[in-house]
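I have placed the structure first, in the form of structure tokens, so that the comments after it can refer back to it.
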Amino acid sequence: MGKKILVVEDDPLIQDFLADGLSIEGFEVIRANGLAKSFVEIQKSPPNLILSDYQLLDGTAFDLLAWLKARDIRIPVIVLTAYASIDLAVQAVKNGAEQFIPKPVDLGFLIAMMRRALENVRYQQKDVASKLERERYSRDPFLGESPAIQELRRSAKRATEANITILIQGETGTGKGVLARWLHKKSARSNDAFVDLNCAGLSRELFESELFGHQKGAFTGAVSNKLGFLEAANHGTLFLDEIGDMDPQVQPKILKVVEEKRFYRLGDVIERTTDVQIIAATHRDLKKLAEEGQFRSDLYFRISTLRLRIPPLRERLDDIPNITDRLLEQLGSDMKRDGLRISDNARAALQRYSWPGNIRELRNVLERAALLSDDGVIQITGLEFEAPSRQEPAAQPPATNLTLKEIERRTIIQILEAEGGNVIRAAKRLGIHRSSLYSKIREYGL
């Protein structure tokens with residue numbers, strides 16, 4: 001709970017009384033003797049709570065509340081006043097004050113009100129975070145109608161009916177985590193915990209501590225018992241992301257969990273049980289890793305009873321319009337820019353690109369273009385692709401019967417496709433000014 005308090009009070013004696021009393025209680029106190037100074041302090045470093053006298057030299061606490069509201073700055077404000085009345089108290093609450101307390105102030109009562117206000121803020125933040133988390137992971141992992149995504153949809157629905165280990169395979173950025181959360185939400189375990197752990201992001205020791213938990217004294221720094229993810233996810237779902245990067249020394253322990261639902265905390269002699277469904281995901285070829293001895297073959301066979309492959313975006317280019325529209329909705333909400341749209345030529349350029357970073361890259365490209373758009377319409381000139389290489393376009397059949405204009409038209413198309421529709425880079429490769437390339441694009445109806 002944050003403890004930075006801004007005291008807005010023009011009476012030096014009362015200001016000292018409040019500041020000293022709050023400091024003794026462990027609060028960090030910032031002072032302001034009026035509205036102007038309070039505005040400066042808020043913009044410099046927003047406090048967790050504002051304690052303001054009603055009547056100030058340069059205005060009232062209501063002016064402060066209006067200033068905060070106009071800037072959508074959400075800080076609880078407790079108003080103190082020597083002119084208490086029911087009407088003024090009602091007006092204060094309507095204007096957004098957290099509390100309206102008459103002077104003289106009982107410091108103990110005031111501090112209790114402040115702690116309650118700060119606790120309310122903390123709960124509100126948790127609610128907002130939970131809502132955002134729910135919205136984030138309520139995304140549809142099956143956007144589109146391509147044969148590949150329809151097959152994934154059918155297989156995933158069957159997977160929710162079975163209480164078995166599931167392996168999700170897919171390239172980076174395809175949405176493996178989104179699919180894992182969808183599977184949990186649709187399963188019989190949906191009312192219990194979903195816990196995810198990235199196998200590639202931690203050292204072996206830290207990974208084991210996070211997954212299995214540890215007993216006090218198990219290693220240097222283990223000053224207390226720690227509950228592991230396996231116990232936290234009991235009766236729910238454990239998502240092991242990037243399992244192909246799991247340390248080989250941990251793999252036998254995971255195999256024991258998959259086969260027997262049993263494990264030991266680090267430094268403990270008591271064997272524990274867990275009832276979790278494991279969903280694993282990887283962008284690597286586990287079968288090949290197992291054949292090469294880099295991944296335990298027995299673990300591979302146990303976790304791959306049911307495999308779900310998320311197709312890369314380049315295998316379902318026809319789904320890009322649907323995915324683009326949904327991403328623009330999300331970006332519009334995140335950026336507070338409703339009605340984001342994309343032009344037809346920009347949309348076509350998206351379908352000509354190979355998308356090595358898949359949906360994650362598509363979102364990044366759209367977000368960057370939306371930020372640079374003045375009118376909310378994404379144009380082809382605003383698209384910046386991160387092509388993995390600068391390969392020359394594939395050779396075309398001999399053009400012995402083509403006119404010079406047709407050869408020029410084909411060359412422009414090839415270069416534009418190779419550059420993902422980026423006119424600036426294409427013009428540079430063609431050795432002409434971009435205004436000339438724009439003229440050619442219009443001339444050839446591209």
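The table that follows gives values for the structure above.
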| read-out | value |
| --- | --- |
| Eligible aspartates and glutamates near Lys405 by straight Cα distance, threshold 16 Å, same-chain separation 8 or greater | Glu443 |
| Unit charges on C-beta of K, R, D, E only; dipole of the range 4-133, Debye | 520 |
| Fluctuation leader among Thr174, Thr60, Thr274 - the chain, Gaussian network, Cα springs under 10 angstrom | Thr60 |
| Highest-fluctuation residue, Gln330, Gln379, Gln15 considered, GNM on the chain with Cα pairs under 10 Å | Gln15 |
| Among beta bridges that DSSP assigns inside the range 147-311, antiparallel share in %, nearest 5 | 20 |
| Residues Asp20 and Ile164, FRET efficiency given R0 of 56 Å [Cβ-Cβ distance, rounded to 0.05] | 0.30 |
| Among Asn234, Pro311, Val258 the positive-end extreme of the charge dipole of the chain (Cβ point charges) | Pro311 |
| Arg347-Glu259 FRET efficiency (beta carbon distance; Förster radius 41 Å; 0.05 resolution) | 0.25 |
| Extension gain, Ser373 back to Met335 (0.36 nm per residue minus Cα-Cα distance, nm) | 12.5 nm |
| By average C-beta atoms within 10 angstrom, highest first, the peptides 262-268, 41-47, 221-227 | 262-268, 41-47, 221-227 |
| Gain in span if fully extended, Lys94 to Gln150, counting 0.36 nm per residue against the direct Cα distance | 14.9 nm |
| Extension gain (nm, one decimal) between Thr411 and Asn225, 0.36 nm per residue minus Cα-Cα | 60.3 nm |
| Spatial separation of Cα centroids for the range 344-364 and the range 260-321, in angstrom | 29 |
| Lys/Arg +1, Asp/Glu -1 at C-beta; the range 314-382 dipole; positive extreme among Ser343, Val365, Pro321 | Val365 |
| Neighbour-count ranking [beta-carbon atoms within 10 angstrom, fewest first] of Val195, Val258 | Val258, Val195 |
| Residues Arg74, Arg181 arranged by fewest to most Cβ contacts within 10 Å | Arg74, Arg181 |
| Efficiency of FRET from Cβ geometry, Gln294 and Lys216, R₀ 51 Å, rounded to 0.05 | 0.90 |
| Fraction of beta bridges assigned by DSSP in the range 4-133 that are antiparallel (%, nearest 5) | 10 |
| Size of charge dipole - the range 200-295 - debye, nearest 20, with Cβ of Lys, Arg +1 and Asp, Glu -1, no other charges | 260 |
| Residue-averaged 222 nm ellipticity for the chain, from DSSP H runs of 4+ at -39500 (n - 2.57), nearest 500 | -14000 deg cm²/dmol |
| Simple label model, 7 Å out from Cα along Cβ direction - Phe109 to Lys4, nm | 3.0 |
| Selected from Ile380, Ile111, Ile243 as most flexible by GNM, with the chain as the system and alpha-carbon contacts under 10 Å | Ile111 |
| Rounded to the nearest 20 debye, dipole of the chain from Cβ charges on Lys, Arg, Asp, Glu | 1340 |
| Antiparallel DSSP beta bridges within the chain, percent to nearest 5 | 15 |
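Where a number appears in this text, it was derived from the coordinates with a stated rule and is not lab data. Worth saying up front: this structure is predicted, and the values here are computed from it rather than measured. So basically every Cβ, Gly included, is an ideal-geometry build from the backbone, and we count neighbours across all protein chains shown.
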